[in-house]
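The values are calculated or read from the model by the stated rules, or taken from the named source; none is laboratory data. What you are looking at is a predicted structure, and each value in this text was computed from that prediction instead of being measured. Cβ: placed from backbone, ideal geometry, glycine included. Neighbour counts: every protein chain shown. The accessibility values were calculated without ligands, DNA or RNA, using every heavy atom of the protein model including side chains. Shrake-Rupley method; radii C 1.70, N 1.55, O 1.52, S 1.80 Å.
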Amino acid sequence: MEFVSSSIPQVGPAGLLLRAILGSLLGICFLVGFIVLRRWYRARYFRRRNERTVALRSWWDNIVSGKISALDWRFDPLDCDIVESILLDNIEMSTPEKLPPLLDCFRISGLLDMRIYEARNSHGWKQRTALLALGRTRAAEAVPALAEGLDSRLRETRIAAVRGLGRTAIPEAAIPILDRIVAGHLDAPERSLKNALVNCCRSSPGMLVNYVAETQGPVRELLARVLGELASPELGEELLALAADPLPEVRASAARALGNSTTSYTLPALHTLATDPEWFVRLRAVVALGQVENLGKIRILLHAVCDVNRHVRQRAAWALARMEPQLEQILEDVVATKDEYALQAFISELERSGAIEKIIGALDGSGTCSQTALMEVVAGARKSVELTGKAAAAAAGAH
Amino acid sequence: MHFLTISNDTLFVYYVLSNVIYLGLLVVAIFKNTRHRHRLGSLRLELIKASPFTPPITLIVPAHNEERSIVSSVGALLGLDYPSLEVIVVNDGSSDMTLEKLRESYHLQIARILYIADIATAPLHAIYRSSIEPRLFVLDKEAAGSKADAINAGINAATSPYVCVVDADSILEKESLVRIMAGVFSDPGRVVAVGGIVRVLNGSRVVGNQIEQVRLPKRPIEVMQVIEYLRAFLIGREGWAGFNMLPIISGAFGVFQRDLVKQVGGFRTHAVGEDLDLVIRMHRRLREENRPYHINFIPDPTCWTEVPTDWKSLARQRARWHKGLIDTLWPNRDMLFRARFGRVGWLVLPYMWIFEFFAPIIELVGYTTIILALIQGMLSASFFLQFLLFGYAFATLISIGSVLLEEMTFRRYGDWREVARLLIYCLFEHFPYRQLTMVWRLQGIWQYLRGDLQWGEMKRVGISAHPPA
């Protein structure tokens, strides 16, 4: 340590090492002091906040109705913070009937203007917090300020703006997002965009249809995915256009919506989609068919249970196995397809739903030749289901 | 210059440098942590849970002779707050009643599911699915003598784009999956893996496989490990992740992109430290392909795990960790100082070689030469004492920094007395615990050189045995 020891006198009488020791000890004292002070301050702050929350809660109705002037709490930072957080929580949870007085309180107290100002003029965390608070207000006048946030050069701020717009859950808030997505001017994580659009367009999914029509490529896929979550029977005949869309995502979303529809074109449209070249479109169509109350679907499901894709097959079998009064006939039809995979899928779904014993009981009681033959097929298929399970495991192990 | 002088100077520089690096990591961790907490403020976990776009995740639980806790562990995992969850328990050739307990409790039936062994594993006996809990699958496989093999089988069977590996004897907090996935949602295109924090379970009150009250353990050996874990996770991993150089995601709790894990060949079956090995191979692959990526660490999703309570088990664990380190660093030595591996090859791997792998050797040589220099009169006693005091104070500063981070962020130890105890133990951690760790790590090196790559048994008290506070 000679070079170290020799360098000590050069740095002054205290010496490098002594300074380092002193620095480290000071650092320790500082950290311990900081921990202790922080604990003490936080305990005091939360006690005080708790007391003020109780007081403000007891005056809550008067605060919201304006009987207690905003001047009484607005300029005390702690009171203002408590009232704002309670208001925002209430707004988020409120029904449309209870919303107006809460929003009025937010407006009249100037909190909304303060947040709009902060969203437009602040920077960093303060701006992002304001954007999110604005979103939670669900107020239409917050949308322009939130939309400006979408043009920020900072990604974090853009994400906060997207989340804020999403939280408003009003259709007007979707427009700035959609306009920018279509124009290719919005760089934000896809998941945030999709979540925001789902929230905003839930009450009027029709507004997405035009945008889907206008766009191409990944943007169209993104919008189609959102539409797939939201598409509803109210889209009417536009659903038929979507069902014939070149993009599989869009067709899948149409299939999903058709499941909730009871129009005359539902079954034919789902029939077409159940034979789509894309497996996930067929799967969506088969799932939708499961929801439709129409015996005409049996024919389509019988076709789907023979699908090349095992997910489609299994889902079709699931839907068929839940058509209680027709199960015997369906079983005969499935056997008639001479498709072993279809039969296995159907039998395993019957076993899962617990209907298999009833069918066996019914077949056993009839005693006709054809029923006995059917029994044998069922027994064979049950055995095969069990063996296939074991074989799959064994094959896996052989790798 | 005399050998002893060179050696002592080297030790001094080495010691200062290692602590300065950790101090730098502490500063980065404080910054990153603060930013993460701000982000969390804007991210509503309920919205993630309710979103239709939240991707499904598969929990893989390797289980070997876990009959005592497997049913309650699986129950707790199925009860995690996540919208789309699949749990795959891999019964890794248990010789006890692990499978029977699962079969009985969850009504397991042989399942006909597609299993493609993209990663080669020991043979499977059967795949089961629960008839009362459709999210639960159980793979019954032959033991291959490694946890990695069991995890690989689980990865083969997983249907979700993300897999999360969890130890059967660990406890995940209810929201930990949503929280860890928030790290993926921040940039799903780039984030390929995320690690959560692993904390010490010992001493806490556990009810129904959930932590009811967090308490510090009573025994000094366990409290020392609490500080070590806090320092390693809240400073080390947080700091390295800040520069996208995270070298390890704990095997007890981490989320990975399933396809990427398959691409790199899964967990290396005979690796001693399979978690470290996987992450380094992921870095290698992604850098070789020049793909933009981020391997992240998120400090709030928490996994509670039991740590050794006796010196013998602790010694074995530390020796194994060091063997795992060598076992990963040596095969990847070609990554050192190669431009294509960027900061991983230039910074983190050299750091691991110098300040992790060689640390016990350098410390041992240092202690020896300092004593020799003292005996020969080449080193003044006062300077020696000053150096000791400095080293002690600087290292204590870093340890207290990790307690500070814990205080600033999660405050799991809410009681004043617990924090005071943590701070007091920070003062005693550097003697003789540090020196003992050095010996155990040296044992690890020796065992590795001898070809002894066994895991060794760890004596566990068992989750259910943690007493009410």
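In region B:371-389, what residues are open to solvent by 10 Å² or more (accessible area, probe 1.4 Å) and facing another protein chain (nearest Cβ under 9 Å)?
B:M378, B:L379, B:S380, B:F383, B:F384, B:Q386, B:F387, B:L389
Sort out which residues of region B:140-164 are in a strand (DSSP E or B) and either farther than 17 Å from B:R258 by Cβ or within 12 Å of chain A (Cβ to nearest Cβ) (or both), and write them in order of number.
Matches in region B:140-164: B:D140, B:K141.
Restricting to region B:396-409, give me the number of residues that are within 9 Å of chain A (Cβ to nearest Cβ) and crowded, with 20+ Cβ neighbours inside 10 Å.
Of the residues in region B:396-409, 7 are within 9 Å of chain A (Cβ to nearest Cβ) and crowded, with 20+ Cβ neighbours inside 10 Å.
Check B:S382, B:S402 and return the single one that is in a helix (DSSP H, G or I), closer than 28 Å to A:R39 by Cβ and of a type in the set (G, A, S).
Of B:S382, B:S402, the one residue that is in a helix (DSSP H, G or I), closer than 28 Å to A:R39 by Cβ and of a type in the set (G, A, S) is B:S402.
Go over the candidates A:L37, A:L78, A:L99, A:L31 one by one and state the one that is within 30 Å of B:T396 (Cβ to Cβ), open to solvent by less than 50 Å² (accessible area, probe 1.4 Å) and either out of contact with any Asp or Glu (no Cβ under 9 Å at 6 or more places or on another chain) or touching a residue at least 24 places away in the same chain (Cβ under 8 Å) (or both).
Of A:L37, A:L78, A:L99, A:L31, the one residue that is within 30 Å of B:T396 (Cβ to Cβ), open to solvent by less than 50 Å² (accessible area, probe 1.4 Å) and either out of contact with any Asp or Glu (no Cβ under 9 Å at 6 or more places or on another chain) or touching a residue at least 24 places away in the same chain (Cβ under 8 Å) (or both) is A:L31.
For residues in region B:415-429 being modelled with pLDDT under 90 and open to solvent by less than 60 Å² (accessible area, probe 1.4 Å), which is farthest from the other protein chains (Cβ to nearest Cβ)?
B:E429
For region A:183-198, enumerate the residues that are open to solvent by 50 Å² or more (accessible area, probe 1.4 Å) and either polar (S, T, N, Q) or away from every other protein chain (no Cβ under 14 Å) (or both).
Within region A:183-198, A:A183, A:G184, A:H185 meet the criteria.
Does region B:282-305 contain at least one residue that is in a helix (DSSP H, G or I), open to solvent by less than 10 Å² (accessible area, probe 1.4 Å), among the acidic types (D, E) and under 27 Å from B:V200 (Cβ atoms)?
No; the residues of region B:282-305 include none that is in a helix (DSSP H, G or I), open to solvent by less than 10 Å² (accessible area, probe 1.4 Å), among the acidic types (D, E) and under 27 Å from B:V200 (Cβ atoms).
Could you say which residue among A:V308, A:V312 is in a helix (DSSP H, G or I), within 37 Å of the chain's Cα centre (by Cα) and either within 14 Å of chain B (Cβ to nearest Cβ) or closer than 18 Å to A:Q291 by Cα (or both)?
A:V312
Determine, yes or no, whether B:R68 is more than 9 Å from chain A (Cβ to nearest Cβ), more than 26 Å from B:A144 (Cβ to Cβ) and touching a residue at least 60 places away in the same chain (Cβ under 8 Å).
no
Return only the number of the condition from (1) more than 11 Å from chain A (Cβ to nearest Cβ); (2) surrounded by 17 or more Cβ atoms within 10 Å (Cβ to Cβ); (3) under 26 Å from the mean Cα position of the chain (by Cα) that B:L108 does not satisfy.
In the conditions (1) more than 11 Å from chain A (Cβ to nearest Cβ); (2) surrounded by 17 or more Cβ atoms within 10 Å (Cβ to Cβ); (3) under 26 Å from the mean Cα position of the chain (by Cα), B:L108 misses (3) alone.
Of the conditions (1) buried (at least 21 other Cβ atoms within 10 Å of the Cβ); (2) in a loop (DSSP other than H, G, I, E, B), B:R412 satisfies every one except a single condition; which number is it?
(1)
Only helices (runs of 4 or more DSSP H) wholly contained in region A:20-130 count here; list those with 2 or more residues that are out of contact with any Cys (no Cβ under 8 Å at 6 or more places or on another chain) and closer than 24 Å to B:R39 by Cβ.
Those helices (runs of 4 or more DSSP H) span A:77-93, A:111-121.
State whether one or more residues within region B:119-139 are in a helix (DSSP H, G or I), within 13 Å of another protein chain (Cβ to nearest Cβ) and under 18 Å from B:E66 (Cβ atoms).
no
Can you confirm whether B:R199 is within 19 Å of the chain's Cα centre (by Cα), assigned to a helix (DSSP H, G or I) and more than 14 Å from chain A (Cβ to nearest Cβ)?
When the stated conditions are applied, B:R199 does not pass them.
Within region B:3-18, how many residues turn out to be facing chain A (nearest Cβ under 9 Å) and either hydroxyl-bearing (S, T, Y) or open to solvent by less than 50 Å² (accessible area, probe 1.4 Å) (or both)?
6
Can you pull out the residues in region B:69-105 that are of a type in the set (S, T, Y), open to solvent by less than 30 Å² (accessible area, probe 1.4 Å) and closer than 14 Å to B:R135 by Cβ?
B:Y82 - this is the single residue of region B:69-105 that is of a type in the set (S, T, Y), open to solvent by less than 30 Å² (accessible area, probe 1.4 Å) and closer than 14 Å to B:R135 by Cβ.
So which residues in region B:133-183 are among the charged types (D, E, K, R) and either free of Cβ contacts under 8 Å to residues at least 12 places away in the same chain or open to solvent by 10 Å² or more (accessible area, probe 1.4 Å) (or both)?
Within region B:133-183, B:E133, B:R135, B:D140, B:E142, B:K147, B:D167, B:D169, B:E173, B:K174, B:E175, B:R179 qualify.
Is it the case that region B:222-232 has a residue that's surrounded by fewer than 21 Cβ atoms within 10 Å (Cβ to Cβ) and hydroxyl-bearing (S, T, Y)?
The answer is yes, given that some residue of region B:222-232 is surrounded by fewer than 21 Cβ atoms within 10 Å (Cβ to Cβ) and hydroxyl-bearing (S, T, Y).
Tally time: how many residues in region A:343-361 are in a helix (DSSP H, G or I) and more than 14 Å from chain B (Cβ to nearest Cβ)?
5
Would you confirm whether or not region A:230-247 contains a residue that is surrounded by fewer than 19 Cβ atoms within 10 Å (Cβ to Cβ), free of Cβ contacts under 8 Å to residues at least 40 places away in the same chain and within 13 Å of chain B (Cβ to nearest Cβ)?
No: zero hits.
Out of everything in region B:21-44 that is open to solvent by 60 Å² or more (accessible area, probe 1.4 Å) and more than 11 Å from chain A (Cβ to nearest Cβ), what residue ends up being farthest from A:A20 (Cα to Cα)?
In this case the residue turns out to be B:F31.
So which of A:R251, A:R299, A:R284 ends up being free of Cβ contacts under 8 Å to residues at least 12 places away in the same chain and not in a loop (DSSP other than H, G, I, E, B)?
A:R299
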